[in-house]
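Participant: Following this message is one structure expressed as structure tokens.
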Amino acid sequence: MILKVLEFEFDLIVVGAGSGGLAAAKRAASYGAKVAIIEVNKIGGTCVIRGCVPKKLMVYAANNRRNMVSSEGYGLISKEITFESNILLKNVREEVSRLSVLHSNSLKKLNVKVFEGLGRFLNQNTIEVVCPKTKNILRKVSAKNILISVGGKPKKLNIPGIDLAWSSDDIFELKDFPKKLLIVGGGYIACEFASIFKNLGTEVTQLIRGKNLLNGFDKDLSECLEKSMTSLGINLKFKNQLKSIKKINDDLESTLESGSKLLTDNILVATGREPSLKRLNLDTLNLKMDGIYLEVNELNQTSNSNIFAIGDIIKKPNLTPVAIEQGRVFADNYFAALKRKVNYENIPKAVFTIPEISTVGLSEEKANEIYSEVNVQVFKCNFTPMSNTFKKNKSKCMLKLVVNKKNDKVLGCHMFGEAASEIIQMVAVSLNAGITKKDFDTTMALHPTISEEFVTMYG
């Protein structure tokens, strides 16, 4: 009996042109694979189009305004600072479009075929491309291997009037900033936007379900941020939830769990994200799930041997660099036989509030849980950075090292303050190399800097 060899149009189809999908498609194509990518929106995904990149541009704007209004002590006097939010938002959208075009051009150079539309599975090797508006089938494509990298979407609260509120995806399509804004959520997205809007002149109230900001982060970082946001004038309401929204003339009335009501121009709901899998017709494949996430092995392979998944749809840290590395490792393994694995140890994280937060390794709480409190030593310092000496803004810095007493190994490094993310990035390299507290202590300080405090902290 002669077995027929199946012929496919492509070696790889990537569903979703976000950071991870782009990384996988480009790397696979560079190895000579015939690759197609399917995307229903702009090329670039959440990070480039409606996440990290446009948000960071808005952070720069907020930080610049904050510095301008508080720098009279340096002789920098401006009688009036006018913020035109429409200009900022227009420029952000233009930059996002420019970056999307750059990614599209790089795909063309690598001969990656781009199909615009919604990818929907027909079977394990075949996908139909559907027009999202008309629902018409544009074409069908097949591949030996398929990589799902569709990312996540904002969670939607199941409360009356929720369609009146914004999600984080909506922010960058605004024409102007609101005067009064309610932000629902206590995670990094909610905190970042609270910081952005407040520093750019919006009156902000933030509603947090729990008793702390940034659940899961080191407690000292959460406390530093709470103090900073309170001093900035952000109205933090802990242990409360949004129950309903109602439109009253041009405003929105929020009814809270406590029974109180708030009247604001707009409401931003930022209560987390979830995998965006519903429209893919995955029921035809009967893939195993890990809760709301696709279940994958250490090679990012699903329960179907030729279907793979990366990024925010699997139960790993939902961060852009993680998705990019997953995509590259996938391509290296299956198109270059390099036998690589993703290293999930000591992943640095940042929250781009003003001042910002950055962290790598274990929190003090997690270290105590794993190694017991008696075996964990903490080194910490709080101070006003030199850059704020003559400013009205006297925001402080907090630097912290968590150390294993038994072997002197640094388990975690945390920072609140100016340039925290830039500093922690390099510390992450050290933690991956197994740095000890003694290594910090015997490293010469660079003076005067914020980061020198990491090598001058003693118990």
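Every read-out reported here was derived from the displayed coordinates using simple, explicitly stated rules and does not represent laboratory data. It should be emphasised that the depicted structure is a prediction, and the values quoted were computed from it without experimental measurement. Backbone-built Cβ (ideal geometry, glycine too); neighbour counts: all protein chains shown.
Participant: Could you state the per residue volume, in Å³, of the convex hull enclosing the Cα atoms of the range 86-183?
Facilitator: Cα-based convex hull of the range 86-183, divided per residue, equals 162 Å³.
Participant: Right, something else. What FRET efficiency comes out for LEU236 versus LEU102 if R0 is 35 angstrom and r is the Cβ-Cβ distance? Round to the nearest 0.05.
Facilitator: Efficiency, from the Cβ-Cβ distance: 0.35.
Participant: Follow-up question, since we're still on this one. How would MET229, MET68, MET444, MET457 line up from fewest to most surrounding beta-carbon atoms within 10 angstrom?
Facilitator: Going from least to most buried by this count: MET444, MET68, MET457, MET229.
Participant: What pairs from LYS239/LYS380; LYS237/LYS396; LYS109/LYS144; LYS34/LYS140 go past 18 Å between their alpha carbons?
Facilitator: Over 18 Å apart, Cα to Cα: LYS239/LYS380; LYS237/LYS396; LYS109/LYS144.
Participant: Same structure again: Distances longer than 12 Å among the Cα atoms of the range 144-196: what percent of all pairs is that?
Facilitator: Summing the P(r) of the range 144-196 above 12 Å gives 76 percent of all pairs.
Participant: How big is the equivalent ellipsoid of the range 156-271 along its three axes, where each semi-axis is √(5λ) from the Cα gyration tensor, reported in whole Å from largest to smallest?
Facilitator: 22, 16, 13
Participant: Identify unpaired cysteines across the chain, taking unpaired to mean no other cysteine Cβ lies under 4.7 Å from the residue's Cβ.
Facilitator: CYS131, CYS191, CYS224, CYS381, CYS397, CYS413
Participant: For the pairs LYS341/LYS400; LYS261/LYS315; LYS56/LYS349; LYS341/LYS437, flag any whose C-alpha to C-alpha distance is greater than 26 Å.
Facilitator: From the list (LYS341/LYS400; LYS261/LYS315; LYS56/LYS349; LYS341/LYS437), the Cα-Cα distance tops 26 Å for LYS341/LYS400; LYS261/LYS315; LYS341/LYS437.
Participant: Assuming 0.36 nm per residue, please report the length gained on full extension of the stretch LYS405 to CYS131 beyond their Cα-Cα distance.
Facilitator: Value of the extension gain: 92.7 nm.
Participant: Another question about this same structure. Just subtract the alpha-carbon distance of GLU80 and VAL374 from 0.36 nm times their residue separation and send over the number in nm, one decimal.
Facilitator: Result: 100.4 nm gained on full extension.
Participant: So, one more: Please report the equivalent ellipsoid semi-axes of the range 335-459, computed as sqrt(5 x eigenvalue) of the Cα gyration tensor, largest first, in whole Å.
Facilitator: For the range 335-459, the semi-axes come out at 26, 19, 14 Å.
Participant: Please give the FRET efficiency for ASN158 paired with ASN212, using the beta carbon to beta carbon distance and R0 = 25 Å, rounded to the nearest 0.05.
Facilitator: 0.55
Participant: I want to check the label-to-label distance for ASN281 and GLU72. Put each point 7 Å from Cα in the C-beta direction and report it in nm to one decimal.
Facilitator: 6.6
Participant: Between the alpha-carbon centers of the range 398-442 and the range 205-253, tell me the distance in whole angstrom.
Facilitator: So the two Cα centres are separated by 30 Å.
Participant: Expressed as an acute angle from 0 to 90° and rounded to the nearest 10, what is the orientation of the C-alpha long axis of helix 52-69 relative to the principal long axis of the chain?
Facilitator: 20
Participant: By how many nm would the segment from ASN111 to GLU94 lengthen if fully extended, with 0.36 nm per residue of separation less the alpha-carbon distance?
Facilitator: 3.5 nm
Participant: Now a separate question. Could you tell me what % of all Cα pairs in the chain have separations over 42 Å?
Facilitator: Of all Cα-Cα distances in the chain, 23 percent exceed 42 Å.
Participant: Let me ask something else about it. Reported to two decimal places, what Rg/Rh ratio describes the range 109-161 when computed on Cα atoms with Rh from the Kirkwood expression?
Facilitator: Using Cα coordinates only, the ratio equals 1.10.
Participant: Can you list, bin by bin at 10 Å, the percent of alpha carbon pairs in the range 255-351, starting at 0?
Facilitator: In whole percents, the pair-distance histogram is 12, 36, 25, 14, 9, 3, 0.
Participant: Then there's this: What FRET efficiency would be calculated for the residue pair ALA445, LEU338, taking the C-beta separation as r and a Förster radius of 41 Å, to the nearest 0.05?
Facilitator: For R0 = 41 Å, the calculated efficiency reads 0.55.
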